[in-house]
Amino acid sequence: MHYRASQLEGKLFLGDETKVFLEFVEHDYEKSISNRARTSFKKNKVRDLAILSLFLSSGLRCAELVGINLNDLNLETGKVRVMRKEGKKDVVPIAHF
């Protein structure tokens, strides 16, 4: 495990907090937005929940997250390959919650 990943261990938004937040997004968020926004939300809901889950369970920076492709994810090992600042490659664990 690389330096940044090891520094984040134990500091991620996990457990009940994560579950409550993701359940809110999945079930209740759309009740609080306009009809127009709701249409877009429903269209992208599964994708957005996957992105939020990865973001919350990995500690990735936003710039690192947007650079990820599906082939960078290894769900069997629970790791994701990312490109860090200055072009440094890293493998980051994905926490389970």
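Below are the figures for this structure:
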{"read-out": "Options D48, D28: the member that is of a type in the set (D, E), closer than 27 Å to K85 by Cβ and part of a helix (DSSP H, G or I)", "value": "D48"}
{"read-out": "Residue ID - modelled with the lowest pLDDT, chosen from residues in segment 40-97 that are hydroxyl-bearing (S, T, Y) and within 19 Å of Y29 (Cα to Cα)", "value": "S53"}
{"read-out": "Residue, nearest to E64 (Cα to Cα), within segment 83-97, restricted to residues that are free of Cβ contacts under 8 Å to residues at least 40 places away in the same chain and not small (G, A, S)", "value": "M83"}
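The values are calculated or read from the model by the stated rules, or taken from the named source; none is laboratory data. Since we're looking at a predicted model, the values are computed, not measured. Cβ atoms come from the backbone with ideal geometry, glycine included; neighbour counts cover every protein chain shown.
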